[in-house]
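All remarks here apply to the structure that follows.
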Amino acid sequence: MIYIIGGIVIFLITIFLYFKSRFLKKLSLPILRVYLFLHYFFLMTGGYLISIFIRNYKVKNISEFFLISLSLFFLFQSALILNDYFDRKGDRYVRKTNPFFERFNKKEVIFYFIFFTLSSLLLPLFSKRVFFIFLLSHILHILYSVPPFRLKKYFPLNLLCLGIAALFSFMMGFGINLPFREIPLKIYLLIFLALTPAISFRDLLDVEGDRILNVKTIPVILRGEKGRICSALLILYSYLITPLVLNFFLLYIVAILLGVLSFSEVKSKKMSQIKVFNFYFLFLFSIIISIGIYPEIIF
């Protein structure tokens, strides 16, 4: 009970401070950052729902789901602060949303980093397995963004880290109801064979900044049109391999349509990340609905 009360208090304080802080507004409110958070939130939700499907649709632990959703939001904030701070030199040339470009109180930034980190660790304490995943997630974000490790500089370690972050999000939701040993093997295959290769499309808008920071991504390595075509092919591959992994070929009806639309959008020089994310969310919902109707396809 003390953690629930603590979580509510932290949430109310955070809402108040958001209205008082230009730094935090600029950190979280740009639409692409909202979409990126939804990527992790929907994966967590998918993990929660699949744990219910596996246990004969017995809905339980709703309050834990909402508290861990709040914790995931705080975790996402702390990861953004780390990434933006160490990307500020390159982002100056390509991004307008990095909050470290404006004047800010250094003590405020340090305070919020500590605040988000501690709140992320506080809320999941009632579930040891979820707490463990949150702790690993914080470690992963440090290894990914912070020198001297800064794994985001090294291909394919940068993609692997993002795939692991996606897996951790799924595990947060799944772990609310079931132990991690019950996660079906196909979930790991979907995340690392399908989802992870598709993530490279986001690097297309950061090519100049990544080049300045010596961050090796597919668009940086291949340069120009080759990098764009490779990213488009990878996202098409991700859609097409998913029904094969699930051995559920009816899903190809949706996969081919959304895969071709995503391929065309990524290949375009005026690519809209929002459109690509919308196609991805539609496909993710289709997968979860398919598993809900035919739970045997996940085994």
> How many residues are basic (Lys, Arg) and open to solvent by 40 Å² or more (accessible area, probe 1.4 Å) if we restrict to segment 157-186?
Replying inline: 1
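Kindly indicate the residue of segment 132-141 that is over 19 Å from residue 206 (Cβ atoms), crowded, with 20+ Cβ neighbours inside 10 Å and not β-branched (Val, Ile, Thr) and also nearest to the chain's Cα centre (by Cα) among those meeting that condition. Before the answer, list the steps.
Of the residues in segment 132-141, the ones over 19 Å from residue 206 (Cβ atoms) are 132-140.
Checking which are crowded, with 20+ Cβ neighbours inside 10 Å leaves us with 133-134, 137.
Checking which are not β-branched (Val, Ile, Thr) leaves us with 134, 137.
Details: 134: 13, 137: 11 Å.
Among those residues, the one meeting the criterion is 137.
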>> Considering only segment 271-280, I want to know if a residue exists there that is more than 24 Å from residue 298 (Cβ to Cβ), open to solvent by less than 60 Å² (accessible area, probe 1.4 Å) and assigned to a loop (DSSP other than H, G, I, E, B).
In response: yes
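Being in contact (Cβ under 8 Å) with a residue 40 or more places away in the chain, in a helix (DSSP H, G or I), more than 21 Å from the chain's Cα centre (by Cα) and under 20 Å from residue 188 (Cβ atoms) is the filter here, so list the residues in segment 221-253 that pass it. Don't jump to the end; show me each part of the working.
The initial filter retains those residues of segment 221-253 that are in contact (Cβ under 8 Å) with a residue 40 or more places away in the chain, namely 221, 228, 235, 237-239, 241-242, 245-248, 250.
With the extra rule that they be in a helix (DSSP H, G or I), the set shrinks to 221, 228, 235, 237-239, 241-242, 245-246, 250.
Narrowing the set further to residues that are more than 21 Å from the chain's Cα centre (by Cα) leaves 221, 228, 245-246, 250.
Correct list: 245, 246.
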>> I'm trying to understand the selection: among the residues of segment 219-243, which are surrounded by 21 or more Cβ atoms within 10 Å (Cβ to Cβ) and farther than 22 Å from residue 258 by Cα?
In response: 219
>> Being of a type in the set (Ser, Thr, Tyr) and surrounded by fewer than 19 Cβ atoms within 10 Å (Cβ to Cβ) narrows it down to one residue among 112, 144, 154; which is it?
In response: 154
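The values are calculated or read from the model by the stated rules, or taken from the named source; none is laboratory data. These numbers were taken from a predicted model, which means no experiment stands behind them. In this analysis, Cβ positions are derived from the backbone assuming ideal geometry, glycine residues included, and neighbour counts consider all displayed protein chains. The area values use the complete protein model at the heavy-atom level, side chains included, leaving out ligands, DNA and RNA. Shrake-Rupley method; radii C 1.70, N 1.55, O 1.52, S 1.80 Å.
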